[in-house]
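The values are calculated or read from the model by the stated rules, or taken from the named source; none is laboratory data. Note that the coordinates shown come from a computational prediction; the quantities given were computed from them, not determined experimentally. For neighbour counting, all protein chains shown are included, and Cβ atoms are generated from backbone atoms with ideal geometry for every residue, glycine included.
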Amino acid sequence: MSSKPRPQGGWQSEPTDPDTADVAWDDSSPGVVRREQAQILVAISLGGAVGACARYGAGLLWPTPTGHFPWTTFWINVVGCGLMGVLMVLVSERFTTHHLVRPFLGTGVLGGFTTFSSATVDLQRLLTPQTSGTALLYAAGTVLAAVAAVWVGVTLTRFAVFDRTEAAS
């Protein structure tokens, strides 16, 4: 059994995952650490299954004909990124939530719902001489729209949940 060095003081051996930041790294109680890690893993797995099923269902409802702009995957990614912006404001800035809400909804549901791997496959399918322009539009449009969706989600959520006196301070 190999043992990785545990973070000590202000030094960390690797970046901290905010979803596991509250997990106690005290080796005197390894059962507690494993239980908390297992709970996070189960939350992410269950959420991922929900998100992936929703994405699969959307693909069945709105299939993309071969060689056409993959609107379903595009909108799945844009909507998922916008919802991630909303979620992060709500769980990080506005409300105190159970420690499994963010891994379940963020990493799990929205991570399983958004699908940049499918976007890559769609892009590869569009890389033909006849549809290379569509491929370029899809690649750039997906990234720009996803980033814009996060920004819009964050901005509108902050506006909706904070009053002006809170936002100014």
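Condition test on residue 116, is it of a type outside the set (A, V, I, L, M), under 15 Å from residue 160 (Cβ atoms) and at pLDDT below 90?
no
Name the single residue, out of those in the stretch 95-152 being among the β-branched types (Val, Ile, Thr) and assigned to a loop (DSSP other than H, G, I, E, B), that is nearest to the chain's Cα centre (by Cα).
114
How many residues are under 27 Å from residue 126 (Cα atoms) and of a type in the set (Gly, Ala, Ser) if we restrict to the stretch 67-99? Give the steps one after another, and end with the answer.
Applying the first criterion (under 27 Å from residue 126 (Cα atoms)) to the stretch 67-99 yields 67-82.
From what is left, the residues that are of a type in the set (Gly, Ala, Ser) are 67, 80, 82.
Counting residues in the stretch 67-99 that are under 27 Å from residue 126 (Cα atoms) and of a type in the set (Gly, Ala, Ser) gives 3.
Considering only the stretch 39-82, how many residues are closer than 18 Å to residue 105 by Cβ and β-branched (Val, Ile, Thr)?
7
Are any of the residues in the stretch 32-42 more than 25 Å from residue 98 (Cβ to Cβ), surrounded by fewer than 16 Cβ atoms within 10 Å (Cβ to Cβ) and either at pLDDT below 85 or of a type in the set (A, V, I, L, M, F, W, C) (or both)?
Scanning the stretch 32-42, I find no residue that is more than 25 Å from residue 98 (Cβ to Cβ), surrounded by fewer than 16 Cβ atoms within 10 Å (Cβ to Cβ) and either at pLDDT below 85 or of a type in the set (A, V, I, L, M, F, W, C) (or both), so the answer is no.
Only one residue in 96, 64, 73 is polar (S, T, N, Q) and either loosely packed, with under 13 Cβ neighbours inside 10 Å or touching a strand residue (DSSP E or B) at 6+ places or on another chain (Cβ under 6 Å) (or both), so which one is that?
Exactly one of 96, 64, 73 is polar (S, T, N, Q) and either loosely packed, with under 13 Cβ neighbours inside 10 Å or touching a strand residue (DSSP E or B) at 6+ places or on another chain (Cβ under 6 Å) (or both), namely 96.
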